[in-house]
1. Leaving out same-chain residues fewer than 8 places away, which lysines sit with a Cα under 20 Å from that of K146?
2. Could you give the nm distance between label points at A134 and H104, where each point is 7 Å from its Cα heading toward the beta carbon?
3. Just need the relative contact order of the chain here, percent rounded to a whole number, with Cα pairs under 8 Å and 6+ apart.
4. With a/c under 1.5 counting as rounded, go ahead and sort segment 152-250 into rounded, prolate or oblate using the C-alpha gyration tensor (a ≥ b ≥ c being the square roots of the eigenvalues; past the cut-off, prolate if a/b is larger than b/c, else oblate).
5. For C43, enumerate residues with amide H under 5 Å from its amide H, sequence gap 5+ or separate chain, H modeled in the peptide plane.
6. Under 5 Å between amide hydrogens, which residues at least 5 positions from T124 or on another chain qualify, with H placed 1.01 Å from N in the peptide plane?
7. Could you give the distance between the Cα centres of segment 61-140 and segment 153-203, to the whole Å?
8. Please identify the trypsin sites (Lys or Arg not before Pro) of segment 125-207 that satisfy two criteria: DSSP loop assignment and at most 13 other Cβ atoms within 10 Å. Which are they?
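Computed from the coordinates by the stated procedures, all read-outs in this text should not be read as laboratory data. Keep in mind the model is a prediction, meaning the values are calculated, not measured. Please note: Cβ atoms are built from the backbone with ideal geometry, for glycine as well, and neighbour counts cover all protein chains shown.
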Amino acid sequence: MAAPRRKLIAGNWKMNGGLAANDALLRALVAGLAHDGCKVAVCVPAPYLAQVQALCAGTSLELGAQDVSQHDAGAFTGEVCAAMLKEFGVGYCLVGHSERRQYHGETDTLVAEKAKAALAHGITPIVCVGETLAEREAGRTEAVVKRQMAAVIHTNGHCISEIVVAYEPVWAIGTGKTATPEQAQQVHAILRAQLKAATEHSARISILYGGSMNAANASSLLGQADIDGGLVGGASLKAADFLQIIAAAR
Ligand code: PEP
């Protein structure tokens, strides 16, 4: 029988926050979290890892990072490696977010290597895949997400069952345009089938939806058969909105 997947809601703060704002947001989140709810993580800018680690201590809120180097150590100025993230209690790390692919030229191969580096240090990579509007309009959605996913499967072999996937249509990120539940489910089912062909443990792999998820649309998205949670950008910066999404995932 397939293992039940507890839903995961992960917030991506992107390059937002500050010591005082983080403190207020996290205290409000911790106060509002239900004891028997879904898994919740916040992926924060690297300078705030220590602060957020301290504020999450003893709570069910888990800590995530937004990127990781593919290298272990050495002359890579500005980079942060997985061992460093691990020292701050990081449990999740985004890899291949579309903003990294778009603004930092991250390729499918590099994203796969970053996922491998995270896994090697016991950090769950949240591997982001998704098509641009032009790719969707050209009927290439399936080919694009499968190509992105295939690179990660190829590089990570049997460890693939330890990843989390986030399907994030690029045209829906930060735009207020959400994929319909049916559009999202269709792509999640494609990814689910691809993962099933790659590992007998595919039932463990959570596939999150990301792209303008908010308090109003969360429950219809999260109600789809293959949507196991959400990767939430803008709405994760407002405690009330994020808590409503978390409540919808129960
Ligand atoms: C994201 O940054 O991963 C994201 C989904 O952003 P938003 O929710 O703001 O669209």
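1. K114, K116, K196
2. In this crude label model, A134 to H104 measures out at 2.3 nm.
3. Working: 492 pairs, mean separation 55.7, N = 250.
Here the relative contact order equals 22 percent.
4. Here segment 152-250 falls in the prolate category.
5. G11, N12, W13, G64
6. Residues meeting the amide H criterion: Y92, C93.
7. When both Cα centres are located, 15 Å separates them.
8. Within segment 125-207, the qualifying trypsin sites (Lys or Arg not before Pro) (loop, at most 13 other Cβ atoms within 10 Å) are K177.
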